[in-house]
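Notes follow once the structure below has been shown.
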Amino acid sequence: MPNIEPMEKSRLRIDVKGIVQGVGFRPFVYNLAERLKLSGNILNNKLGVTLEVEGINCQKFLGCLKREVPPLARIAEVTS
């Protein structure tokens, strides 16, 4: 029988700078989190948004966040 290690839950805070307000970014983040079965929150700030996600797919979320951006959004920087 193969040794299967359980996936661990993690929490990630992500700052996204750029044009992400008024372009469908928050619904995109919500749908992405739902798809990956993550919980969390998102807050607008003067430079973009700050979001926190928690679950077992946080790193996958970060990758998808950078690749699957809504067409009108313009991400200048993502830090986590």
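The values are calculated or read from the model by the stated rules, or taken from the named source; none is laboratory data. Note that the coordinates shown come from a computational prediction; the quantities given were computed from them, not determined experimentally. In this analysis, Cβ positions are derived from the backbone assuming ideal geometry, glycine residues included, and neighbour counts consider all displayed protein chains.
Quick one: would you say Lys66 is surrounded by fewer than 17 Cβ atoms within 10 Å (Cβ to Cβ), modelled with pLDDT of 95 or more and not in a strand (DSSP E or B)? Step through it out loud before you land on a result.
Numbers: surrounded by fewer than 17 Cβ atoms within 10 Å (Cβ to Cβ): yes; modelled with pLDDT of 95 or more: no; not in a strand (DSSP E or B): yes.
No: the conditions fail for Lys66.
Pull up the range 28-44, narrow it to residues that are in contact (Cβ under 8 Å) with a residue 12 or more places away in the chain and farther than 17 Å from Arg11 by Cα, then point me to the one that is surrounded by the fewest Cβ atoms within 10 Å (Cβ to Cβ).
The selected residue is Asn44.
Name the single residue, out of those in the range 3-27 being of a type in the set (A, V, I, L, M, F, W, C), touching a residue at least 40 places away in the same chain (Cβ under 8 Å) and not in a helix (DSSP H, G or I), that is surrounded by the fewest Cβ atoms within 10 Å (Cβ to Cβ). Can you show your working first?
Within the range 3-27, the subset of a type in the set (A, V, I, L, M, F, W, C) is 4, 7, 12, 14, 16, 19-20, 23, 25.
Restricting the remaining residues to those that are touching a residue at least 40 places away in the same chain (Cβ under 8 Å) gives 7, 12, 14, 16, 19-20, 23, 25.
Next, only the ones that are not in a helix (DSSP H, G or I) stay: 7, 12, 14, 16, 19-20, 23.
Numbers: Met7: 9, Leu12: 16, Ile14: 20, Val16: 24, Ile19: 13, Val20: 24, Val23: 16.
In this case the residue turns out to be Met7.
Scan the range 24-36 and tell me whether some residue there is of a type in the set (Lys, Arg), at pLDDT 95 or above and within 16 Å of Met7 (Cβ to Cβ).
no
Among the listed residues Lys60, Lys37, Lys66, identify the single one that is within 13 Å of the chain's Cα centre (by Cα) and either at positive phi or among the acidic types (Asp, Glu) (or both).
On the way: Lys60 fails: either at positive phi or among the acidic types (Asp, Glu) (or both); Lys66 fails: either at positive phi or among the acidic types (Asp, Glu) (or both).
None of the other options fit; the residue is Lys37.
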